[in-house]
Each structure stands twice: as structure tokens, then as C-alpha cells.
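Input: one structure, supplied below.
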Amino acid sequence: MTLALALLVPLAAALALLGGLAPRREPWLVVGSSVVSLGLLAIAWAGGVGVDVAWLPALDLRLALAVDGLSGPLMVLTLVVVALAALVPPPGAAGDAAAADDRAVDGPGSLATYYACLLLTAAGALLTFAARDALLFVIAFECVLIPMWVLITRFGDPSTRREAGWLFVLYTGLGSVTLLVGVLALVRLAGTSDLEVLAATAGGVLTPGQQLLVAVLLTAGLAIKVPVWPLHTWLPAAHSSAPTAGSMLLAAVLLKLGTYGLIRLPLASVPEGFAQIAPALGALGVVGILWGGLVCLVEADLKRVIAWSSVAHMGFVVLALAAGNQTGVAAAVLGNLAHGVVSALLFATVGVLKSGWGSGLLRDRPALRDTHPRLGVLLLVGLAAGAGLPGLAVFWGELGALVAAWQPATDRSAGFFAALAVLAAVGAALAGVYSVRLVRAVWLGDASSVTGRLRGGGDCDVATVTPFAVRRGDLVAMTTLAALTVLLGVAPGLVMSVTQPVIEMLPGVGR
């Protein structure tokens with residue numbers, strides 16, 4: 001039961017927080033439970049142990065759990081990001097200029113709820129990644145959405161959290177209903193909800209028309225979760241409103257559930273149906289790459305720039321999966337992990353800047369190299385990685401996506417996917433352009449007049465130029481994420497050594 005304990009530890013810690021059993025020690029309980037769960041997960045993964053017991057016999061629903069090379073790295077990512085997110089001060093903490101007028105966390109009860117939501121998100125995500133039953137996957141996925149909604153609507157930006165919360169509920173609710181209908185249709189037609197059996201049969205018991213119907217339903221439901229253009233509009237609103245820790249989890253955990261679901265459900269269970277809709281899915285992914293990149297060139301809010309860049313980066317993951325070959329799936333896995341680490345780093349850094357500045361607007365800012373050089377270097381690492389520079393995490397996933405699209409599976413149109421690869425390469429160039437824009441605005445200072453007044457000691461806006469303190473927890477979280485960004489960039493083989501054997505066994509995936 002080692003794997004079951006790994007999932008239960010964060011849940012038990014969350015219940016302890018809600019019960020008021022750890023007052024004033026909430027962050028350390030989150031960190032400690034994440035470390036313990038990570039150790040138990042490593043033992044279960046190394047030993048190849050899992051769980052398979054009857055849960056609801058009347059519905060033929062089983063509590064089937066396992067860890068492999070696809071789910072294991074994402075589970076590790078979840079626990080690491082949750083632990084680091086707990087080190088980031090909650091909204092309304094002392095010195096938070098952005099929340100000075102409206103403390104989002106007020107009182108020990110609210111503080112316990114805030115940290116409990118981090119743990120509940122982790123527990124739900126771990127259960128989703130480990131699920132080997134299609135219905136259990138859907139149920140676990142929904143359990144993640146509830147604490148994320150609480151983080152956005154209760155602890156988010158007071159001026160935007162209501163609207164962002166409604167968008168989050170409407171879009172993800174629509175995706176959940178569509179996904180559930182697709183899973184129920186798949187289970188009804190295939191006669192089983194066991195994901196391993198479904199993958200082994202590769203939809204062989206379904207007719208081509210049934211495979212297409214199920215693939216459309218499953219892909220549409222998961223596309224909202226990823227999100228894929230044009231179903232993406234909830235994401236920038238949610239990111240810009242959520243607290244820093246919420247944005248870190250939203251990017252590093254919630255979005256990964258959608259792309260992971262694309263691999264486990266339509267790609268593995270109904271590969272022939274997925275192949276028929278893959279060109280359309282790949283095209284939408286490329287539109288998202290270009291759309292997100294263009295918006296980032298003109299967006300005035302730093303946090304929204306990072307949010308829109310997530311739409312672009314997830315477009316590369318979708319394109320890689322649509323290509324239908326092993327290179328594409330491997331690139332999707334690397335892209336998922338890279339985006340999770342890099343986006344968490346950028347949101348943590350932007351959270352510090354927004355807290356110190358009082359807003360995230362890219363105007364009239366002093367050069368970060370003059371005021372906070374260490375913070376600036378960490379931001380540069382994240383922006384360089386987001387631009388796809390070699391030696392950093394994002395490079396391998398995006399390069400692999402382009403290679404996979406240039407030479408797609410034999411049942412895909414080579415010419416069409418080659419055109420998508422060219423357009424995606426243009427999107428990658430856009431990432432470099434908007435990253436340079438952010439470097440100029442933040443590292444070098446967007447307004448030279450403000451920087452000059454700062455150096456000369458003249459009159460200027462205090463909120464704009466007054467140096468602010470960077471808390472130790474923020475610094476630890478950002479430094480760790482920056483180190484992981486470099487590690488994934490120079491040693492992607494650490495991931496592929498455990499992922500490739502599982503990818504080679506996926507049915508319907510070409511070489």
C-alpha cells in the first residue's frame with residue numbers, strides 16, 4: 001500500500017490543516033507532507049507496486065492505481081511545485097504592496113484553508129496521474145478543480161477574482177461534462193474502464209465510426225483543460241487573478257492533467273479515431289502558438305504575458321501529440337515537464353515583482369539589474385528558457401515537437417504537418433522576440449527617465465522605484481526552480497530513460 005499512502009499523506013495533511021491542528025506551521029506541514037509523499041512515491045515506483053481493489057462493485061468501478069514512466073515524472077513535478085509554492089508567502093502577507101488594501105488571507109482559519117487547498121490540489125493530481133481506471137480518472141480530475149477554484153475566487157486578486165472564477169467554472173465544467181460523456185461512451189462500447197485493457201486492445205472492439213465519436217468527445221473535453229485555442233480564454237483570466245502559488249499550481253499541475261489525459265485516453269484507447277482528428281488538433285495547437293506569441297508582444301501586464309505564453313507552449317505539446325509518433329509523445333512529456341518548471345519559476349518571480357511594485361504593469365519601471373540583480377538573474381533564466389534557448393528545459397520539447405511534425409506518423413499527411421512545423425517554428429521565433437521585450441522592460445528598465453531619476457535621487461513615484469525585500473522563501477523556491485530548469489536542459493535523458501520504454505509500448509504510436 002506504499003502508493004496509496006503516497007496519495008493519502010497530502011490529503012491527511014490537508015484535513016489536519018482544516019481541523020486547526022497545525023496553527024502557524026502551515027507552510028512547513030505542506031513541505032513536510034510533500035517530502036514524505038515523494039519518498040513513498042519513489043519506493044512504490046522503484047518496486048513497481050500498485051493498487052487494484054474493488055471500489056464500487058455495482059458500477060464496476062475499481063480503485064486501480066499504478067506509476068510508470070509517463071505518470072511518475074509528472075507526479076514528482078506535482079509534489080516539488082506544491083512544496084515550493086508553500087514557501088511563497090500567501091497574498092496579503094506583510095510587505096505585499098499589491099494586496100495592501102484588501103488582505104486576501106485574513107485570520108488563521110483562512111490561512112489554513114489556503115494551504116489546505118495546495119495540498120488538496122496535490123492529492124487530486126496524484127490520484128489522477130496514478131489512475132488506471134477511466135472513470136476514476138474523471139472523478140480524480142474533478143477533485144483537482146475544486147481547490148483550484150477556491151484559490152482563485154477566495155485568495156485571488158479582489159478586483160478580478162469573481163469574473164475569473166466564473167470563467168474557470170464555465171469552461172472547465174463544460175470540459176468535464178464532455179469528457180465524462182466520452183468516457184462513458186468508451187466504457188459502454190469497449191465493455192471495460194480499465195485503461196491498460198483499453199490500451200492493449202487499442203479500440204479494436206469499436207467500429208471506425210465509434211472510435212471517431214469517442215475520440216472527438218474525449219479530445220474536446222481535454223482540450224479545454226489543456227487549453228487549446230480557441231478554448232483558452234479562461235486561462236489568462238485565471239492566471240492573472242490567482243495568487244502566486246495558485247498560478248504555479250495552475251501552470252505546473254492542472255494543465256498537465258489535460259495533456260496527460262490526451263495520451264492515456266484518446267491516443268492510447270482509440271488511436272484510429274484520434275488519427276482522424278489529429279490534423280485539426282495540430283492546426284489548433286499551432287494557432288495557439290502564434291496567437292499566444294502575438295498577444296505577448298503587446299500585453300501590458302507582466303503576469304498576463306506569462307499566462308499567454310503558456311497557451312503558446314502548450315500548443316507545442318498538442319502539436320507533438322497530434323503528430324502521432326514516438327518522437328512526438330516523448331517531446332510532449334519533456335515539454336510538459338519543462339513548461340511546469342519554467343512557468344512556476346516565472347510566476348514565482350513575477351509574484352515577487354508584483355508584490356513589491358504594487359502592480360504588474362510593464363511601464364515606468366527601474367532597471368531590475370540596478371535594484372534587485374539576483375531576482376533579475378532568476379527572471380532571465382526563466383525568460384531564456386521560455387524562449388527555447390539550447391541548454392535549458394524548454395528547448396528539447398519544442399525541438400522534438402518540430403521534428404515530430406516534420407516527419408509525422410505514416411497515417412498523417414506529411415505535407416500538412418510539415419506546414420504546421422514551419423508555422424510552429426515561426427511561433428518559436430515569436431517567443432524569442434517577446435522574451436527580449438520583457439528583458440528590456442524589466443531587466444534593463446522600460447523607461448530610462450525613471451531609471452535616471454532613481455540614480456540621480458530626484459523626484460519620482462515611490463511605488464515605482466523604492467527597493468523591496470525579497471523574502472527567503474521566495475528566493476529558495478525560485479533558485480530551486482531555476483536549477484531544475486538548467487538540469488532538464490542539460491540532462492533530458494534523466495526523464496527519457498524512464499519514459500521511453502513506456503512510449504514504445506503505446507499502441508497506435510508510430511516510430
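The values are calculated or read from the model by the stated rules, or taken from the named source; none is laboratory data. Bear in mind the structure is a predicted one, so any value in this text is a computation, not a measurement. So basically every Cβ, Gly included, is an ideal-geometry build from the backbone, and we count neighbours across all protein chains shown.
Output the qualifying pairs, or none if there are none: Cβ atoms under 7 angstrom, residues six or more apart or on different chains, first residue in segment 186-206 and at positive phi, second residue not in a loop (DSSP other than H, G, I, E, B).
Every condition considered, the pairs that remain are Ala202/Pro271; Gly203/Gln211; Gly203/Ser269; Gly203/Pro271; Gly203/Glu272; Gly203/Gly273.
Any idea how many residues of segment 401-416 are under 19 Å from Leu334 (Cβ atoms) and either touching a Phe, Trp or Tyr at 6+ places or on another chain (Cβ under 9 Å) or part of a loop (DSSP other than H, G, I, E, B) (or both)? Working first, answer last.
Filtering segment 401-416 for residues under 19 Å from Leu334 (Cβ atoms) gives 401-409.
Going one step further and asking which of them are either touching a Phe, Trp or Tyr at 6+ places or on another chain (Cβ under 9 Å) or part of a loop (DSSP other than H, G, I, E, B) (or both), we end up with 401-402, 404-409.
Of the residues in segment 401-416, 8 are under 19 Å from Leu334 (Cβ atoms) and either touching a Phe, Trp or Tyr at 6+ places or on another chain (Cβ under 9 Å) or part of a loop (DSSP other than H, G, I, E, B) (or both).
I would also like to ask the following. With the structure loaded, tell me whether Leu231 is outside any helix (DSSP H, G or I) and either surrounded by 24 or more Cβ atoms within 10 Å (Cβ to Cβ) or of a type outside the set (S, T, N, Q) (or both) or whether it fails that test. Don't jump to the end; show me each part of the working.
Details: outside any helix (DSSP H, G or I): yes; either surrounded by 24 or more Cβ atoms within 10 Å (Cβ to Cβ) or of a type outside the set (S, T, N, Q) (or both): yes.
Taking the combined requirement at face value, the residue satisfies it.
Moving on to the next point. Residues that are closer than 17 Å to Ser247 by Cβ, surrounded by 24 or more Cβ atoms within 10 Å (Cβ to Cβ) and touching an Asp or Glu at 6+ places or on another chain (Cβ under 6 Å): does segment 386-408 have at least one?
The answer is no; no qualifying residue exists.
Which condition does Ala409 not pass, out of (1) in contact (Cβ under 8 Å) with a residue 24 or more places away in the chain; (2) closer than 20 Å to Cys296 by Cβ; (3) more than 23 Å from the chain's Cα centre (by Cα), if it passes all the others?
Result: Ala409 passes all but (2).
In segment 199-221, which residues are in a helix (DSSP H, G or I) and of a type in the set (S, T, N, Q)?
Across segment 199-221, the qualifying residues are Thr201, Gln210, Gln211, Thr219.
On to the next question. Look at segment 409-428 and say how many of its residues are of a type in the set (Gly, Ala, Ser) and buried (at least 24 other Cβ atoms within 10 Å of the Cβ). Please lay out each step first, then the result.
At the first step, the residues of segment 409-428 found to be of a type in the set (Gly, Ala, Ser) are 409, 413-415, 418-419, 421, 424-425, 427-428.
Right, trim to buried (at least 24 other Cβ atoms within 10 Å of the Cβ) and you get 424, 427.
Residues flagged as of a type in the set (Gly, Ala, Ser) and buried (at least 24 other Cβ atoms within 10 Å of the Cβ) within segment 409-428 amount to 2.
Something else now. Need pairs with beta-carbon distance below 6 Å; first residue surrounded by fewer than 12 Cβ atoms within 10 Å (Cβ to Cβ) and within segment 45-56, second not in a helix (DSSP H, G or I); sequence gap 6+ or separate chains.
Listed pairs, sorted by first residue: Val53/Leu63; Ala54/Arg62.
Then there is this: Which of the helices (runs of 4 or more DSSP H) contained wholly in segment 299-400 include at least 3 residues that are modelled with pLDDT of 90 or more?
302-323, 326-357, 373-386
Quick one: is Val287 free of Cβ contacts under 8 Å to residues at least 24 places away in the same chain, surrounded by fewer than 24 Cβ atoms within 10 Å (Cβ to Cβ) and among the aliphatic types (A, V, I, L, M)?
Details: free of Cβ contacts under 8 Å to residues at least 24 places away in the same chain: no; surrounded by fewer than 24 Cβ atoms within 10 Å (Cβ to Cβ): yes; among the aliphatic types (A, V, I, L, M): yes.
No, not satisfied.
Then there's this: Taking the options Pro230, Pro266, Pro236, name whichever one is over 30 Å from Thr349 (Cα atoms) and either under 19 Å from the mean Cα position of the chain (by Cα) or not aliphatic (A, V, I, L, M) (or both).
Within the list Pro230, Pro266, Pro236, the selection yields Pro266.
In segment 318-330, is there at least one residue being under 16 Å from the mean Cα position of the chain (by Cα) and under 19 Å from Leu389 (Cβ atoms)? Lay out the reasoning, then the answer.
First pass over segment 318-330, keeping only residues under 16 Å from the mean Cα position of the chain (by Cα): 318.
Of the ones still in play, those that are also under 19 Å from Leu389 (Cβ atoms) are none.
No, because not a single residue in segment 318-330 is under 16 Å from the mean Cα position of the chain (by Cα) and under 19 Å from Leu389 (Cβ atoms).
Which residue, of Leu79, Leu21, is under 26 Å from Ala245 (Cβ atoms), touching a helix residue (DSSP H, G or I) at 6+ places or on another chain (Cβ under 7 Å) and either not in a helix (DSSP H, G or I) or not basic (Lys, Arg) (or both)?
The match here is Leu79.
With respect to Ala112, determine if the residue is farther than 19 Å from Val82 by Cα and either crowded, with 21+ Cβ neighbours inside 10 Å or modelled with pLDDT of 85 or more (or both). Walk me through how you get there before you give the answer.
Numbers: farther than 19 Å from Val82 by Cα: no; either crowded, with 21+ Cβ neighbours inside 10 Å or modelled with pLDDT of 85 or more (or both): yes.
It is false that Ala112 is farther than 19 Å from Val82 by Cα and either crowded, with 21+ Cβ neighbours inside 10 Å or modelled with pLDDT of 85 or more (or both).
Under 8 Å between Cβ atoms, at least 6 apart or on separate chains: pull out the pairs that start in segment 310-331 with a residue that is within 30 Å of Ser240 (Cβ to Cβ) and end on any residue that is in a helix (DSSP H, G or I) and among the polar types (S, T, N, Q).
Final answer for the pair search is Ser310/Ser343; His313/Ser343; Met314/Thr259; Val317/Thr259; Val317/Asn336; Val318/Thr259; Ala320/Thr327; Leu321/Thr259.
Okay, next question. Looking only at segment 153-198, which residues are surrounded by 21 or more Cβ atoms within 10 Å (Cβ to Cβ), in a helix (DSSP H, G or I) and among the small types (Gly, Ala, Ser)?
Ala164, Gly165, Gly175, Gly182, Ala190
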